[in-house]
Amino acid sequence: IMSAHLPSSPSSSCSSSSSSSSFNHNDDDGSKKSALPPSFIVRPATRADAPAIADIYTQVRKDNVLERYCHPDGYTQSVMKERISQFEKEIEDHPSNGGGGVHIYLVACDKETSDVMAFIEWQDYSKGLSDDDWIKLQRDTDTLEPPPLRELVGKLRQGWREIMGAKPHYRFESIYVLEQHRSSCVGTALFDEGIEAADKAHLPLYFEAWPEARPLYLSKFDCVDRLEVSVDLSKYSTELPSNHKNYLMTRGPQPQHKHPHHEDKDQTKSETTLQYVYIHYLM
């Protein structure tokens, strides 16, 4: 759950690499969309991206009711430093960097300015989760503060274990896109890269979706409902919802998966829907 980390700092720069993907944004008549970058790249995040990732996270979540409850004093300097450090650790700890972690961060960058526009986090459980792994996750959950966050995360993880158990899988954690880029295909491209990776590995995907996200996941990404989780958070504060819902979903591997951003004719409408869904994901 992303509420357990992140912060703000100047945007870091991005550059193309051999493992990056480039995307060009044009209207159906071939002209460039106004107010959109002419192109962007999607690539794995590096340690240097941590401040920009943290800044995007903070900008998107600053008005979130649960985020405000968790940080009543706002984003202090110490909170920001801790979040950047957490991002750095998770990025560096992935096996591709020689670590033993599970976090996969991808960033989308403006190809002209090199600014980070958005990021997505997936988690790689291609080796499955053992009983000891689940026990460790439960211990981590038990230490979360404040209590409403602990209860919410606890129930979501309980459902996650019930559905996936020891099965190898990828888990979608979250995606964040800066407001000025929410109709530029960035979110779709990031999301699609994760789906492609899971398909190539022949692994199922696990999601925890808000009600707003559910129709999109069912129709566009061929996901399947597995469990509905409802939590009353209003007992902790009248500012929190009394019926916070998440739909736990899965998607089986599909080798012939097509990129949604390549096949949607009404791309602006589709992308706007995606960004609405992403911003509301996990509250």
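Here are a few things to note about the model shown:
- Out-of-range pairs (alpha-carbon distance over 32 Å; input LYS81/LYS136; LYS62/LYS220; LYS62/LYS127; LYS89/LYS200; LYS111/LYS220; LYS89/LYS111): LYS62/LYS127
- In terms of accessible area, using a 1.4 Å probe and ignoring ligands and nucleic acids, ARG43, ARG214, ARG68, ARG157 rank largest first as ARG68, ARG214, ARG157, ARG43.
- Under a 5 Å amide H cut-off, with hydrogens placed 1.01 Å from N, GLY99 pairs with HIS94 among residues at least 5 apart or on other chains.
- In plain terms, the chain from GLU145 to SER126 could stretch by 3.9 nm, reckoned as 0.36 nm per residue minus the Cα-Cα distance.
- Taking a straight Cα-Cα cut-off under 18 Å and skipping sequence neighbours fewer than 8 places away in the same chain, the aspartates and glutamates within cross-link reach of LYS235 are GLU67, GLU145, GLU151.
- Potential lengthening of the chain between SER114 and ARG161 amounts to 13.0 nm, from the contour at 0.36 nm per residue minus the alpha-carbon distance.
- Computed lengthening from ASP93 to SER230, 0.36 nm per intervening residue step minus Cα-Cα distance: 46.0 nm
- Nitroxide proxy distance, nm - points 7 Å out along Cα→Cβ at ASP63 and GLU239: 1.5 nm
- In this structure MET249 has an accessible area near 0 Å², from a 1.4 Å probe over the protein heavy atoms.
- Accessible area per residue for the stretch 50-182, computed on protein heavy atoms with a 1.4 Å probe, is 47 Å².
- Of interest is the spacing of the C-alpha centroids, which for the stretch 210-225 and the stretch 138-175 amounts to 20 Å.
The values are calculated or read from the model by the stated rules, or taken from the named source; none is laboratory data. Note that the structure is a prediction, hence the values are computed from the model and not measured. Please note: Cβ atoms are built from the backbone with ideal geometry, for glycine as well, and neighbour counts cover all protein chains shown. Heads up: the accessible areas ignore ligands, DNA and RNA and are worked out on the full protein's heavy atoms, side chains in. Shrake-Rupley method; radii C 1.70, N 1.55, O 1.52, S 1.80 Å.
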